[in-house]
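Below: one structure, written as structure tokens.
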Ligand code: C5P
């Protein structure tokens with residue numbers, strides 16, 4: 001038996017645009033994504049000689065084939081045509097579920113990276129990302145990481161100029177969203193809002209953190225904020241603590257603020273905790 005270890009980093013959507021509904025029911029997206037140091041820890045035993053198993057310290061995490069980490073291991077071994085003789089995946093969970101932080105996809109991507117290394121790299125990182133698309137729309141980005149623009153269903157990736165150094169305060173409101181319902185609600189919008197993706201790309205090329213913070217934006221945020229005043233309240237606390245910009249990530253409801261000083265991000269975090277929210281401080285994965 002061999003034990004592998006890997007960190008599963010969360011993602012933020014610096015921009016998230018919805019371009020339209022496709023015939024397969026999915027939506028075409030355009031999103032600038034950033035990998036952050038906030039992570040789950042993954043440990044994988046291979047050749048256990050036992051049935052496949054997932055162990056997790058959070059009760060609400062599925063410990064069977066519904067877990068994307070399990071699906072990732074299954075897709076990987078099927079694709080290289082090998083039986084690993086038993087797999088146990090242990091997940092130390094920190095990234096909240098249904099937050100818009102791609103926690104499940106990050107776990108799946110970490111499994112793909114660890115197994116690929118263990119099997120002497122049958123796939124390049126880009127091939128591994130393509131394999132990840134079979135597991136979920138956010139998995140390819142979680143495999144590649146850093147800063148990238150995602151299009152298509154979210155699975156087509158283009159590397160981008162790195163996000164300038166900064167600090168994030170991430171806040172989890174006290175509710176969750178249904179991703180498919182939000183996409184449906186967006187389809188009904190008469191005057192949907194769209195972020196300025198091209199300007200965001202330019203701001204990254206110029207390494208201008210202030211401009212990057214100014215162009216943060218999520219096409220789904222207004223839909224969520226309309227029904228949940230928590231989003232606006234969290235934004236206000238972040239802005240009053242010196243955030244250069246704020247946005248909801250993915251289909252939410254987690255909201256993040258960008259700060260150029262750690263003590264300001266920590267101040268925002270403390271104030272939000274005092275109001276009963278869970279918060280997380282993080283940085284870019286370099
Ligand atoms: O790919 P994933 O399982 O994360 O998607 C969850 C749901 O979100 C899909 O079933 C679909 O309803 C919606 N979705 C979409 N367009 C995308 C990604 C997700 O409509 N690009």
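Computed from the coordinates by the stated procedures, all read-outs in this text should not be read as laboratory data. Just so you know, these numbers come straight off a predicted model, no measurement behind them. For neighbour counting, all protein chains shown are included, and Cβ atoms are generated from backbone atoms with ideal geometry for every residue, glycine included.
Ordering 224, 135 from the fewest to the most neighbouring beta carbons within 10 Å gives 224, 135. Of all DSSP bridge pairs formed entirely within the chain, close to 90 percent run antiparallel.
May I ask you to derive the relative contact order of segment 61-163, considering only C-alpha pairs under 8 Å and at least 6 residues apart, and to give it as an integer percent? Relative contact order of segment 61-163: 23 percent.
Between 269, 65, 251, which gets the highest mean-square fluctuation from a Gaussian network model of the chain, Cα cutoff 10 Å? Largest GNM mean-square fluctuation: 65.
Taking the Cα centroid of segment 141-170 and of segment 217-286, what is the distance between the two, rounded to the nearest whole Å? Using only Cα atoms to place each centre, the spacing works out to 19 Å.
Segment 148-286: Rg/Rh from Cα coordinates, Kirkwood Rh?
Rg/Rh for segment 148-286 comes to 0.96.
The angle between the Cα long axis of helix 103-118 and the longest principal axis of the Cα atoms of the chain comes to about 40 degrees, rounded to the nearest 10.
This ranking places 42, 125 by how few other beta-carbon atoms lie within 10 Å of each, fewest first, which gives 125, 42.
Normalised by the number of residues in segment 105-205, the mean separation of alpha-carbon contacts (under 8 Å, six or more apart) gives a relative contact order of 20 percent. Normalising by residue count, the chain has a Cα convex hull of 125 Å³ per residue. Order of 141, 38 from fewest to most other C-beta atoms within 10 Å? Starting with the residue having the fewest Cβ neighbours, the order is 38, 141. At full extension, residue 191 and residue 119 could sit 20.9 nm farther apart than now, given 0.36 nm per residue minus the alpha carbon distance. Per residue, the average separation of C-alpha pairs within less than 8 Å and at least 6 apart gives the chain a relative contact order of 23 percent.
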